[in-house]
Each structure stands twice: as C-alpha cells, then as structure tokens.
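Peer 1: Quick one: the structure is below, and I'll ask about it shortly.
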Amino acid sequence: MNAEPARQPEKRPRASGEAEALKRMADMLRQGAVMLDIQCPACSSPLFRLRSGEIWCARCQKRVIVVREGQDVTIAASDVLLSSLEQTLLRKLSELNEMMKAEGDLGRLRELSALLSGLLDNLARIRRMTGRRTG
Ligand SMILES: [Zn+2]
C-alpha cells in the first residue's frame, strides 16, 4: 500500500527571480557587503558595496560603476548598458537568422547578410568592451 501523501506540484511563483535576488542580497550582506542608498540603473534594486569595494547589483548580478557618490550620484551604467545592448543584438541576430532562413531573394539575402555582419561586428565590439574573452 503506497499511501504517499498527495504532493503538490511545486509551482515556481512568478516572483521567483525576486526571491532569488533577495537570497543573493542576504548572502552578500552575510559576506560583509553594505547596502547602499542608490539604485541599480537597470532594475532599480538597491546596490551593494562588496568588501572588495565593488558595487554590485544582486538582481542583475552585475557590477555597477558609480562615478560619484554623495549629493549628486551619477551612475555610469556602462556595464548595464552594454549588457542590455548585447541582449538586444543577440535578439536581433536570432530574428535575422529566422529571416535569412525564410528569404529566397538573393538581393534581399545580401542585404540581410550585410546587416548580420554589422550586428556581429557590434557584438564583438561590445564583448571587447566588457572584457569578456570569447576564445
Ligand atoms: Zn540591477
């Protein structure tokens, strides 16, 4: 007789990203990070200063560069911006890929592939700027 209690399928709540971010924030605090009263320019989460001095967004899991702290806080969102650009490019590349698959017209294909090469150039540039090494 296998009378196992009916187990509720573990549905992830919609806000699981939120919960994850909170958990990461808690972990960071435990490791001696300090919560700052400035927000991430990308997601408006509070930013943390790690013991290493880096400023970090727990939700984006990205480093944020703060140019000046104090009265006039300016956040150089370069990391955030670049990563958002990267996402956009990747999305466009995949759209372009679909378009090229469906395209039968050679002239149009030439246009699309010129566009593709431009996007790839930009992607490579962004990856160089973010210091990511890709082989
Ligand atoms: Zn963020």
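The values are calculated or read from the model by the stated rules, or taken from the named source; none is laboratory data. Not measured: the values here are computed from a predicted model. Heads up, the Cβs are rebuilt from the backbone with ideal geometry, glycines too, and the neighbour counts pull from every protein chain shown.
Peer 1: Among Leu123, Leu106, Leu115, Leu82, which is the only one that is surrounded by 12 or more Cβ atoms within 10 Å (Cβ to Cβ) and at pLDDT 90 or above?
Peer 2: Leu115
Peer 1: Kindly provide the set of residues from the range 16-26 that are away from the ligand (no atom under 12 Å from the Cβ) and within 18 Å of Val64 (Cα to Cα), ordered by number.
Peer 2: Passing the criteria: only Leu22.
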